[in-house]
Amino acid sequence: MNGLDYGILVGTLLAIAVFAVWRTRGKKDLSGYLRGSGNARWLTIGLSVMATQASAVTFLSTPGQGYESGMGFVQNYFGAPLALIVVAVFFLPIYRRLKVYTAYEYLGHRFDSKTRILGAALFLLQRGLGAGITIYAPAIVLSTVMGWRLDATIICSGLVVVAYTVMGGCDAVSLTQKYQIGVIFAGMVAAFFVLLSKLPPGLTFSDALSVAGGFHKLGAVDFSLNPDRRYTIWSGVLGGMFLAMSYFGTDQSQVQRYLGGASLRESRLGLMFNAVFKIPMQAFILLLGVLIFVFYQFERPPVFFNRAAWDYQAAHGSGAPLRALDAAFQAAHADERRGLEEWIGARRSGDVAGEARAHAAAAEAQGRGQAARDGTRDILAKAGPRGSSNDADYVFISFILGYLPHGLIGLLVTAFFAAALSSKSGELNALGSTTTVDIYRHLVRREASDAHYVTMSKWFTALWGLVAIGFALFANLSENLIQAVNILGSIFYGVVLGIFLVAFFLKRIGGTAVFWSALASQALVFALYSTLSISYLWYNVIGCVACMGLSLVLQGVIGKAKA
Amino acid sequence: MTEPPDDETTGLPGLRTWSQVYVAVLLTFVAWVGLLVALDRWFS
């Protein structure tokens, strides 16, 4: 990165933050601070919901996933449209009618205090655990590639987001998210067109897709019934629907985004905006990764994209085998490129036999190259955390730094930080609100002025921000832990959704039955997770169904005992 | 603040009721899935 790139990065991020604080300045009551001024239009809500969900990891890692495994990950989002419709029809009107600050406040209205606190505690535990990740995950990748200090990257990005979230509250979060997602989209679209322009002369977009299809990278929909497969249309639609329903309907970081709508209509349209555009957005980001795969079929790629990890291990004991694998990979890549050029030539001339022969040769060479990559990964995995074996996160950023012009590099790095800040601000805003409303105001100090609660909310938001920064600085997270925290979210979400579905649809069930059922269901999900190897998306279904079923049984038992 | 009725108009041209909006969203979802399947079939 040069001065222009740094200027774009620092200037854009600070300008958005300062503008948002300035626009939302002025004294606010608790409602204004936690829910916003109540005049948000559907586009602001829709972009804010999208920005909260799409973290920097989405834009850094997803292209790498497309590069490595193709388009299949998009199925993870197949449940989102149906889930968002359910949230718009059932959840949203109730939240608005009761004028709640948090989703868990509704549980207090419907059940009792302990169920409300359970819902809030599960949210705080889950989001609190993940709080550091949103800052840490992009910081580790960007600092490794750029040579920045990790601690400085975490502290600088963390303090910016804490400052404007604390000062501006919900309105500032929504406003910054709107501009930040604009920067993200601009960066992604620019990367797409630069990528197309970098393909070899004569290779059309259609040819590029044929190359990708020839290596099975375009398989976006898997109809397999095998439950062990992580992404299929069934796990995506069913498991993904439960996950999305829980996330959009019960996670305060999302609920807070649409509670500030000017009307029910604006909030609903904001949700429908996401129902329509979430899948194409994810597909587009994966397609970027697939096109980077095609690009690297004609351009020499590194055997391992995390060059810092590779260089470190090559200089510390594993030099000979790593260099041997690198040589094998480069030889395989040269053969693969020759095969692909023959394949495209045969396709154009209509030589069917030649096309099949060349494709088989390219596929054989690609297999050899993949074996060399796998061998490299094995060596780096055995070397411990420093030699991280997963380089998917580094694919996109390596391409950006290696092939994009200055200015655009700055725009893309700004986009990654904008994504980190936008999701982080939504999380901090929600953590601060839930701590204030469901814990402090409900359990510690019930009667106080609005000004007091606003002040406390600011302190709690700042505190969660500092916890997140501290966690990111000192936890020394490995990538496995990052994945574990993501899976942990899925494990909790099912049960939380179960509590809310009981609240909405099983009117005769009371707080005691749902409270104990939720705890038992959570224990069941933990037990199953430690024994089964099914896709983690299914735990959303299991937790939810178990919570609802047990609640029915327990309510029957309680009813009989009373009788 | 009085909450508008649940069946308020959507304000969308051609989609007057919320049921129509939800059906349109579901049809869009089916179209996206169909497009992704077609993309794979066409180029594989």
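The values are calculated or read from the model by the stated rules, or taken from the named source; none is laboratory data. The shown structure was predicted, so the numbers you read here are calculated from the model rather than taken from an experiment. No Cβ is skipped: glycine too gets one built from the backbone with ideal geometry, and neighbour counts run over all protein chains shown.
Summary of values
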read-out	value
Any hit, the range A:368-379, residues being under 22 Å from residue A:134 (Cα atoms) and either out of contact with any Pro (no Cβ under 8 Å at 6 or more places or on another chain) or not polar (S, T, N, Q) (or both)	no
The lone exception for residue A:96 - which of (1) within 14 Å of chain B (Cβ to nearest Cβ); (2) among the basic types (Lys, Arg); (3) under 23 Å from residue A:443 (Cα atoms) it fails	(3)
Residue A:286 being outside any loop (DSSP other than H, G, I, E, B), in contact (Cβ under 8 Å) with a residue 60 or more places away in the chain, touching a Leu at 6+ places or on another chain (Cβ under 6 Å) and crowded, with 22+ Cβ neighbours inside 10 Å	no
Criterion violated by residue A:158 - all others in (1) surrounded by fewer than 23 Cβ atoms within 10 Å (Cβ to Cβ); (2) of a type outside the set (A, V, I, L, M, F, W, C); (3) not in a loop (DSSP other than H, G, I, E, B) satisfied	(1)
Helices (runs of 4 or more DSSP H) within the range A:1-107 that include 1 or more residues within 30 Å of residue A:219 (Cβ to Cβ), in contact with a helix residue (DSSP H, G or I) (Cβ under 7 Å, 6 or more places away or on another chain) and modelled with pLDDT under 90	A:42-53, A:56-69
Residue among A:84, A:107 that alone is crowded, with 20+ Cβ neighbours inside 10 Å and more than 11 Å from chain B (Cβ to nearest Cβ)	A:107
Flag if residue A:423 is of a type in the set (Gly, Ala, Ser) and modelled with pLDDT under 90	yes
Search result, residues across the range A:141-179 that are small (Gly, Ala, Ser) and touching a Lys or Arg at 6+ places or on another chain (Cβ under 9 Å)	A:143, A:157, A:158, A:168, A:169, A:172, A:174
Matching residues, the range A:200-239, being more than 13 Å from every other protein chain (Cβ to nearest Cβ) and without any contact (Cβ under 8 Å) to a residue 60 or more places away in the chain	A:201, A:202, A:224, A:225, A:226
Odd one out for residue A:176 among (1) surrounded by fewer than 23 Cβ atoms within 10 Å (Cβ to Cβ); (2) among the β-branched types (Val, Ile, Thr); (3) assigned to a helix (DSSP H, G or I)	(1)
1 or more residues under 26 Å from the mean Cα position of the chain (by Cα) and charged (D, E, K, R): qualifying helices (runs of 4 or more DSSP H) within the range A:347-464	A:352-382, A:408-434
